[in-house]
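None of the figures in this text is laboratory data; all of them are computed from the coordinates on show. On a predicted model such as this, the values are computed, not experimentally measured, just so you know. We place every Cβ from the backbone using ideal geometry, glycine too, and count neighbours over all the protein chains shown.
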Amino acid sequence: MAAFLAFTLRWEPQLRAQLRLSLEPGAPQPVLRRGRAIRWIEQALAPLAETHDVHALAVAIRSATGIESLVWLTDIGGLDRPHAAEVLAGSARAILRAALDPGAS
């Protein structure tokens, strides 16, 4: 997650542009918005594959940690980027904890 968040922060302007393009009605998906982050997260979660739906878990984590969430936290929530990154990492940890111990949530 640290590497993914660093990537997101480093490429934020380009990722914002891709996000903007992907929101245009009828526009084709930009090449870099085709789910590679989900594959990265699935690879990190591979040790859980025998006991958990790694794809579903990766999608849940990605939904709370990508450029979309960063944009909301910074532009709407008013957080600076370091604090936003902490929140995103915390969200990923919370989703993972909930999946590992569903009774605790």
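Neighbour counts of other Cβ atoms within 10 Å put Ile61, Ile76 in the fewest-to-most order Ile76, Ile61. Under a no-solvent Debye model with one identical scatterer per Cα of the chain, what's log10 I(q)/I(0) at q = 0.11, 0.12 Å⁻¹? Listed by q, the Debye log ratios stand at -0.37, -0.43. Per-peptide packing, taken as the mean over residues of other Cβ atoms within 10 Å, places 65-74, 2-11, 19-28 in the sequence 65-74, 2-11, 19-28 from highest down.
Once both labels are positioned 7 Å from their Cα atoms along Cα-to-Cβ, the gap between Ala2 and Asp53 label points is 3.1 nm.
Inter-label distance, Asp80 to Leu19: 2.0 nm, where each label sits 7 Å from its Cα along the C-beta direction.
The length gained on full extension between Trp72 and Arg97, counted as 0.36 nm times the residue separation minus their Cα-Cα distance, comes to 6.7 nm.
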